[in-house]
Amino acid sequence: MPPFAGMRCLVVDDEPRLRRVLVRLLEGEGFTCAEAGSGVEALRELEHTPVPLVISDLRMPEMDGVSLLREIVQRWPETAVIVVTAVAEVESAVACLQMGALDYVAKPFHLDEVRARVTQALDKRRLLLENRSYQHHLEERVEAQARRIEELFLEGVHALVFALEAKDAYTRGHSMRVANYSLGIARALGLDRDMVDTIALGAELHDVGKIGVSESVLHKAGTLTDEEYRHIMEHTVIGARILGPLMRDAPGALAIVRSHHERFDGTGSPDQLRGDAIPFEARLVSVADAFDAMTSVRPYRPSLTVAQAMRELEEGKGVQFDAAVVDAFRRAFDGPTALPIPTPQLQPLRLPSRAMEARRA
Ligand SMILES: [Fe+2]
């Protein structure tokens, strides 16, 4: 069986005699050949039926071989092109190779030489196609693995939240509600998708450090001593320490965990940051956190009404809270979706895309 049985090719030459020589040779190798007498005819032929191999003369009327090559490389990148040149046109032949021709044959040619060049060009084409397909599949695999890494990370993070919820009944639902309120604020402020993802992630994790707080203190019904209060407040630092190695590439979410108990006037904890020095994400979640804490029943006090809690937020503007965030909170939950506070459906957690990129890098 001829080596290229069933493969199509196109022979382009304005001299019918030369064209016939090439066609006969290629048909002997098993090719099914189409013929064209100019570049324009060749393009018409390719538009009708693309082929894996084109052998084209360089000097032709209407459209020469160089212009034809340029079109083929652009429109049919999987087609191998061999140019046929006169010996005096070696420079043009080199230019054609630079433009993407796979090989050239100089006239007058020997049939064995043409046969060898065709075989080589098609081998080269096969390798190029295999390489392209390998690259494509590699990208798909990298993509799938990056997705799996993200899933594993989020599963790990959820496991931490579940562990905390098992230990502290109050936290059950608190993280979710804080995440929902925070997302409402983020949308009212028109934050971009990446920031919204960061805030959703950080808000859900903000109290994870309570895993490291003693249960007797966490569940104490009466007023806390100063020392007990200090112990509870260590949860921000403990949380940041637990999550730090996991979330090196999600610094915004980590900042929420560490800094959600900072106060705008600089008297919060753990770093006594003041005003704009407090990471913005943490200023945002701190309003949502305080609102949920005030409207939930705690072991040591009944809950406030929504209106009372709103008043507290207003009074805390510029003292405990960033005034712009409190205003956004009001905008998010006033108006058509009037209070009591609705519980919007929480979106599935996503890693901020910058973090995703870092994990892929
Ligand atoms: Fe907290």
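Just so it is clear, none of the values below were taken in a lab; they were calculated from the coordinates. Remember, it's a predicted structure, so these values are computed and weren't measured experimentally. No Cβ is skipped: glycine too gets one built from the backbone with ideal geometry, and neighbour counts run over all protein chains shown.
Annotation: amide H-H contacts under 5 Å for residue 8 (H modelled 1.01 Å from N, sequence separation of 5 or more, or interchain): 32. Rounded to the nearest 10 degrees, what's the angle between the helix 90-99 long axis and the longest principal axis of the chain, both from Cα atoms, 0 to 90? Value to nearest ten degrees: 30. Computed from point charges on the beta carbon alone (+1 for Lys and Arg, -1 for Asp and Glu), the dipole magnitude for segment 171-236 about its Cα centre is near 280 Debye. Each Lys or Arg adds one and each Asp or Glu subtracts one; over the other residues with Cβ under 12 Å from the Cβ of residue 321, this totals -4.
Restricting attention to the chain, lysine pairs at least eight places apart or on different chains and with alpha-carbon atoms under 26 angstrom apart total 4. Contact order for the chain, expressed relative to its length and based on alpha carbon pairs under 8 Å spaced 6+ residues apart, stands at 12 percent. Simple rule: put +1 on each Lys or Arg Cβ and -1 on each Asp or Glu Cβ in segment 8-136, find the dipole, and look at 109, 30, 11; the Cα lying farthest toward the positive end is 30. Computed over the Cα atoms of the chain, the ratio of the radius of gyration to the Kirkwood radius (Rg/Rh) comes to 1.36. Taking the Cα centre of the chain as origin and assigning +1 to Lys and Arg Cβ atoms and -1 to Asp and Glu Cβ atoms, the resulting dipole is close to 600 debye.
What is the distance in Å between the Cα centres of segment 97-175 and segment 1-68? Going from one Cα centre to the other spans 34 Å.
Determine the shape class of segment 6-66: with a ≥ b ≥ c the square roots of the Cα gyration tensor eigenvalues, call it rounded for a/c under 1.5, and otherwise prolate if a/b is greater than b/c, oblate otherwise.
Oblate, because a/c is 1.5 or more while a/b does not exceed b/c.
Which whole-number percent is the relative contact order of segment 8-136 (Cα, under 8 Å, 6+ apart)? In percent, rounded to a whole number, it is 20. Here the dipole of segment 4-55 is about 140 debye; that uses its Cα centre as origin and unit charges on the Cβ of Lys and Arg (positive) and Asp and Glu (negative).
Which percent, to the nearest 5, of DSSP beta bridges fully inside the chain are antiparallel?
Bridges in the chain that DSSP calls antiparallel: roughly 5 percent.
Compared with the dominant Cα axis of the chain, that is its longest principal axis, helix 306-315 is turned about 90°. The amide H of residue 63, built 1.01 Å from its N in the peptide plane, has 39, 40 as neighbours under 5 Å, considering only residues 5 or more places off or on other chains. Report, to the nearest 10°, how far helix 193-205 tilts away from the longest principal axis of the Cα atoms in the chain, using its own Cα long axis and a range of 0 to 90°. The angle comes out at about 40 degrees.
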